[in-house]
Every structure is written in C-alpha cells, then in structure tokens.
Amino acid sequence: TSAIHKKSYPPKTYAPPSSKLFDTSAIHKKMSQPALFHSTSKDVPGLLDISFASDPKAGLGAQLVNCDKPSDADASMLCPGYAVIGKVLPGDTVAKRAGVAVGDCIVAVNGTGFRRFATDYKPDAAIKLNADDDEEEVELDHRVISAGSAYDDLLGKIKSVKAAGDPPLVLSLERYDWDAQPNSWRRFLEARDGNVPAAMQMAQEHQAWRSKTFPIELTGPGIQKILKSKAVSEIHVDSKLSEDFPPTVYVNYGALVNLQSAGEITSEDVTNSFVMFTERMLRKSKDPRHPKTCQFIDLTDISITTGFRVESLKKIYGVFEPNYPETLYRMVMYPVSTMLGTTARALLSFVNEKTQKKFLITNSLEEVCTELGWDKAEVDECGGIQEFMAKHEEQSTMMVFK
C-alpha cells in the first residue's frame with residue numbers, strides 16, 4: 001500500500017490544526033478579510049497515552065475491534081494500527097478517566113510500535129490529548145509490523161507487560177477525525193462496492209474537492225440570507241427516543257425557493273450551506289468511523305406548480321454523492337401529497353439506487369417521527385413541524401453577521 005500513502009493522494013492543503021472551526025479574527029480587524037468556515041476534519045491525529053501506573057491490574061474498560069482480519073483487509077488498509085476502540089464501557093474505568101473515545105487506534109505498547117505503516121505526519125504537528133499534568137513520557141519506536149498475527153501479538157504484549165508489573169503498562173493511541181483517511185477510506189470503499197481502484201480514485205477526487213472548496217466565505221450576502229432566514233439549519237432533539245438517531249439538517253424548501261426566485265441567493269449558496277451544516281454535524285458523530293446525518297426537507301406550501309428546482313437539487317447531489325458517501329442515514333420529504341410525491345420521485349431519478357433507498361417521501365407525520373426519532377406528541381404539542389424545528393434548531397452565532 002506504499003503508493004496509497006506516498007503518491008495516491010494530493011498534497012495536504014488543509015488549514016493548520018485548531019480547535020476553532022470558524023476563523024473570526026478578521027472581524028476584530030475591521031473586516032479587512034472575510035470570515036471563513038474551515039473543514040471540521042483535520043488530517044493530523046490526536047495523540048493519547050494511557051498509563052496503568054495507578055491501577056496496574058485494571059482492564060482498559062473498552063471493547064477492541066480486530067483490524068487484522070483477512071476478510072476485512074481492504075477496508076482496514078488505511079488504519080494505522082491493528083486494534084481500534086469499538087466501544088467504551090460504562091463505569092469508572094481507565095478508558096473513561098483517560099478520555100478514550102470510540103475510533104481511537106492503539107499504535108504502541110510501552111513505546112513498542114504495532115503500526116501497519118509508518119507515520120505520515122510530523123510529530124510536532126500532532127495534537128497532544130493528555131492533560132498537562134497527566135502527560136506520559138513515552139519514547140515511541142514507530143515500529144511497523146506485517147498483518148497476519150499483529151492483533152494477537154499486540155494483545156500478547158499487553159498481557160506480558162501487565163504480568164511483569166514494572167514498568168507499568170502504557171498504551172499509545174492515535175485519534176483521527178471523521179474525514180481523515182483512516183476513517184473515511186471505509187466509506188469510499190463501500191460507496192464503490194469494494195472496488196479498491198475505484199475507491200482510491202474517489203478518495204483522491206474528494207481530497208482535491210476539499211482543497212478547492214474550503215475555506216468557505218461566510219460573509220457573502222447569499223450565505224447570510226440563508227443563515228438569517230434559517231432556511232437551512234441544524235436540528236438536535238435531546239431525548240431518550242432520539243439518542244440512537246443522528247442529528248438532522250432542516251431545510252425549509254419554500255424559503256429557499258422564495259429567496260432563489262427573488263435572486264437573493266444562488267444554487268452555490270444553497271450547496272455551501274448544506275456543506276457547512278453537514279460538516280458541523282458529522283464532526284459531532286459518536287463514532288468517527290461511521291458518521292451519519294439525516295436531512296429533513298420541509299415542503300410545506302410547495303405544490304406541483306411551485307415546482308422543484310431540479311438543477312439546484314442535481315448540484316447538491318453532485319457535491320454530496322462523491323464527497324460525503326455513506327453518511328446519509330435518512331432523507332425525509334414532508335408533507336407530500338400523492339401527486340406531488342409521484343412528481344418528486346420522477347424528478348429524483350438521477351439519484352443512485354442505494355441512496356434512493358434512504359429516502360422517505362411521505363404525507364404522514366407519524367412516519368416522519370418514526371424515521372427521525374422524534375416524539376410525535378411533542379411535535380403536536382409544539383403546534384406543528386415548523387414550531388418543533390424552531391424549538392430544537394441550533395445555529396452558531398459565529399456564522400451570522402449583521
């Protein structure tokens with residue numbers, strides 16, 4: 001896989017790692033430059049060292065995923081190690097106290113490397129995740145080992161170090177964002193039905209698109225019109241019923257049509273708005289290996305005569321299908337009469353079959369709530385869908401300017 005790591009991806013052009021998603025420094029310089037929205041996913045990993053010194057006999061408190069299975073070789077080929085955190089168990093565990101997260105990859109045991117391939121980032125560019133007073137001094141040898149028995153060897157090393165007792169066990173982990181190659185590769189491979197060359201080409205084209213697309217200028221009049229009117233917004237419903245469902249991008253389609261008809265926004269403004277909100281929500285995914293989001297298209301007051309703007313829909317799809325594959329959990333269009341539903345399905349025929357299966361075009365509020373994890377009683381109590389949306393919408397004030 002050396003070609004993948006050395007040549008198949010274009011040079012990195014992302015912004016330097018930062019905890020800030022929005023560069024608002026220009027605002028404090030009298031708007032000499034526009035405020036910018038950067039990608040919410042970084043290329044460089046976070047580094048976390050976990051010491052068992054305070055409790056040498058304790059277990060980690062997490063379930064591991066074996067990334068050394070021959071049956072999963074293609075999907076795991078860009079994972080830097082052979083063991084990934086699949087679940088953090090409840091309780092006061094070593095993992096919980098250390099801040100271990102789902103998707104973290106074990107790359108060394110007491111400094112001895114268990115890597116699939118050499119590091120492709122500068123150590124000083126990586127983000128230290130340990131607290132200042134909890135940082136472990138571990139010298140890594142960055143050893144690379146071959147697949148086959150790597151996962152078993154790693155577990156054996158952990159057991160032997162724990163049995164010896166001194167020095168105490170220290171695990172070194174790398175944490176990658178949702179769109180970094182170790183996490184995004186599996187999605188591209190799935191989108192191309194396991195065809196490695198096709199998935200590699202798709203991933204390369206995605207990297208080029210990101211370099212060209214980000215950062216997005218936030219202060220443009222069209223973007224600001226969409227944000228201020230809340231024609232596109234972010235919905236988070238915090239309830240037991242919705243806890244297993246991803247967050248939702250809310251689209252007031254009627255508001256977008258009116259703004260576009262008045263010449264106040266362009267299809268590019270609409271697409272960029274979708275991109276920004278999708279990026280924000282995918283960043284919050286509980287599992288960066290499988291980030292998901294829903295889309296709710298509010299078609300209130302939309303009729304056949306009002307019409308669907310097919311060209312705008314095609315442009316949005318043309319961005320999302322190749323760049324955010326396998327991230328859509330469900331797209332719901334509501335309310336839709338039988339006749340409008342027939343028209344919508346015909347107009348959306350350009351969407352691939354796999355994605356179409358994730359669509360729900362319905363006139364039933366009960367179906368909407370079932371598919372998105374909402375409480376219908378709460379929707380009724382709010383007075384309807386739009387009122388429910390207003391109650392649960394989230395929008396960073398850093399994205400809206402007067």
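The values are calculated or read from the model by the stated rules, or taken from the named source; none is laboratory data. Everything numeric in this text was worked out from a predicted model, so none of it was measured. A quick note on method: Cβ atoms are made from the backbone with ideal geometry, for glycine too, and the neighbour counts reach across all protein chains shown. The area values use the complete protein model at the heavy-atom level, side chains included, leaving out ligands, DNA and RNA. Shrake-Rupley method; radii C 1.70, N 1.55, O 1.52, S 1.80 Å.
Couple of notes before you dig in:
- With respect to (1) among the aliphatic types (A, V, I, L, M); (2) within 22 Å of residue 384 (Cβ to Cβ); (3) crowded, with 19+ Cβ neighbours inside 10 Å; (4) more than 18 Å from the chain's Cα centre (by Cα), the lone exception for residue 235 is condition (4).
Here is a yes/no grid of residues against (1) crowded, with 19+ Cβ neighbours inside 10 Å; (2) basic (Lys, Arg); (3) out of contact with any Phe, Trp or Tyr (no Cβ under 9 Å at 6 or more places or on another chain):
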{"site": "242", "(1), (2), (3)": "yes, no, no"}
{"site": "263", "(1), (2), (3)": "no, no, yes"}
{"site": "268", "(1), (2), (3)": "no, no, yes"}
{"site": "278", "(1), (2), (3)": "yes, no, no"}
{"site": "287", "(1), (2), (3)": "no, no, no"}
{"site": "299", "(1), (2), (3)": "yes, no, no"}
{"site": "315", "(1), (2), (3)": "no, yes, yes"}
{"site": "333", "(1), (2), (3)": "yes, no, no"}
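- Conditions (1) in contact (Cβ under 8 Å) with a residue 24 or more places away in the chain; (2) surrounded by 15 or more Cβ atoms within 10 Å (Cβ to Cβ): number failed by residue 379: (1)
- Top-ranked residue in the range 41-70 [being open to solvent by less than 10 Å² (accessible area, probe 1.4 Å) and under 30 Å from residue 215 (Cβ atoms); ranked as farthest from the chain's Cα centre (by Cα)]: 48
- Candidates 282, 259, 227: the one that is over 19 Å from residue 359 (Cβ atoms), open to solvent by 20 Å² or more (accessible area, probe 1.4 Å) and part of a helix (DSSP H, G or I) is 259.
- Residue within the range 76-84 that is under 17 Å from residue 186 (Cβ atoms), part of a helix (DSSP H, G or I) and either acidic (Asp, Glu) or open to solvent by less than 30 Å² (accessible area, probe 1.4 Å) (or both) present: yes
- Note on the range 192-223: residues that are hydrophobic (A, V, I, L, M, F, W, C) and either open to solvent by 20 Å² or more (accessible area, probe 1.4 Å) or within 23 Å of residue 108 (Cα to Cα) (or both) amount to 6.
- Selection within the range 146-167 - outside any helix (DSSP H, G or I), touching a residue at least 60 places away in the same chain (Cβ under 8 Å) and within 24 Å of residue 45 (Cβ to Cβ): 147
- Residues in the range 231-256 that are more than 18 Å from residue 279 (Cβ to Cβ) and not in a helix (DSSP H, G or I): 237, 238, 239, 240, 241, 242, 243, 244, 245, 252.
- Complete set of residues in the range 139-179 that are among the polar types (S, T, N, Q) and in contact with a strand residue (DSSP E or B) (Cβ under 7 Å, 6 or more places away or on another chain): 172
- Within the range 89-101, the set of residues being buried (at least 19 other Cβ atoms within 10 Å of the Cβ) and over 21 Å from residue 119 (Cβ atoms) comprises 94, 95, 98.
- Filter result for residue 273 (hydroxyl-bearing (Ser, Thr, Tyr), buried (at least 16 other Cβ atoms within 10 Å of the Cβ) and outside any strand (DSSP E or B)): yes
- The number of residues in the range 339-381 that are part of a helix (DSSP H, G or I) and of a type outside the set (Lys, Arg) comes to 24.
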